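**Q** Okay, here's the structure, questions in a sec.
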Amino acid sequence: MAQKEITSSLAAVDEFGQPQNFGWARSPLFTYNPLLLNAPRRRLSESDRYLLISPSHLIILEILDDGYFGYVGMSVVSLRDKKRSSQYYTIPFPMGSFGLPGDSDVHPVKIQTKKYLLNFAPMEAGVKIIKVDIQKFGHHRSLRGELVLTPPPGADSLVTNMRWRENHEAFRLARRSPWYIAEGIIQFGSQELIFGKGNSWGIFEWGRGLRPSQDMRYWAAGCGQSGGHQVGFSFGYDSADSEPGTANAFFLDGKLHKLDQVTFHVTPSNWLQPWRFTSNDNRLEMIFAPHQERSETLRMFFHYLRRRQICGFFSGKVVLDDGAEFEFQNITGFAERRKSRY
């Protein structure tokens, strides 16, 4: 497949509200203005999500505005036992009220109510400050603290702009950055979850666009250290037309190595059996050892969202862009399937 790399700033939507300039980039070169879209606000989909990895836990923080359906979710998954806790809030008719910006690097994201605070604040040089404060988080515990996420020097991101095959008005502009170095402390009830430099990581997923009426999306991401290098990856596919640029890349010390199509080989009857990942360009062979599963089903009005998330550890080998082969072991991350219907 001849993928199209974008190397200069381009608008994701033209003056008539139609999506354009499909492909992929190593940095947020696509500009997005929801006011240009020739569609009602209820069809827009905007989301920010962070996966925060410590030696003992994985934390997921997410804000989603899907027009009529809003979602603010937090999950804490233990990597040492089978315990996990989740707290989520569904908000009807957010319709842009979350104030999610059209960029992924400049403007902060903050949602605060009497029950919770989530604050994702960008700083200079790509640094992000993550603050969370939830007084009652599952079993009457609290979840509060602050993390500093620092990118490795000269880090690339995987940015894709894709249009749906069967609905050319629908598109998704996405950024995935699986390489942050995390430092700080999160207080989880009586536990202190310590994120230290060199053993704690952050993954950022950002999405904006005009959703189709239904979709099924697979995504897997991980970050960690192996062989003296920082390792990260983001692999995924859905119903969008990925010919101009797939959502698949491997990162070594923050540098992107672009892959073509990646296939998830899953045992349908038991998702906790090992998964296998391969690429059609024969550059990836990866095994995912699941640790535990988290699932959720959300319904509101005509909206339906179901996700299965599997946390675990990834090992394998990849051929880098220069032809060198790199092997990695026990990279913490997760894989998910997301079904949505509107």
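Values in this text are rule-based calculations from the coordinates and carry no lab data. Worth saying up front: this structure is predicted, and the values here are computed from it rather than measured. Quick reminder, even Gly has a Cβ in these numbers, built from the backbone with ideal geometry, and neighbours come from all protein chains shown.
**Q** Provide the net charge surrounding E46, with neighbours chosen by a C-beta distance below 9 Å and charges set as Lys +1, Arg +1, Asp -1, Glu -1.
**A** Numbers: positive: R208; negative: D48, D65, D66.
Cβ neighbours under 9 Å give a net charge of -2.
**Q** Shifting gears a bit: Please compare each pair in K110/K255; K136/K197; K115/K255; K197/K258; K197/K339 to a cut-off of 32 Å on the Cα-Cα distance and tell me which ones are over it.
**A** Values: K110/K255 29 Å; K136/K197 29 Å; K115/K255 39 Å; K197/K258 27 Å; K197/K339 35 Å.
Beyond 32 Å between Cα atoms: K115/K255; K197/K339.
**Q** On to the next question. Using Cα-Cα distances under 8 Å and only pairs 6 or more residues apart, what relative contact order does region 257-309 have, in percent?
**A** Rounded, it is 25 percent for region 257-309.
**Q** I'd like to compare 273-283, 303-313, 172-182: which one has the highest average count of other Cβ atoms within 10 Å, and what's the full order after that?
**A** Peptide ranking by packing, descending: 172-182, 303-313, 273-283.
**Q** Let me ask something additional. So what is the relative contact order for the chain, in percent, with contacts set as C-alpha pairs under 8 Å and at least six apart? Intermediate results must be reported in sequence, preceding the final value.
**A** On the way: 950 pairs, mean separation 47.5, N = 342.
Relative contact order, the chain: 14 percent.
**Q** Report the Cα centroid-to-centroid distance between region 250-271 and region 85-122 in angstrom, as an integer.
**A** 29 Å
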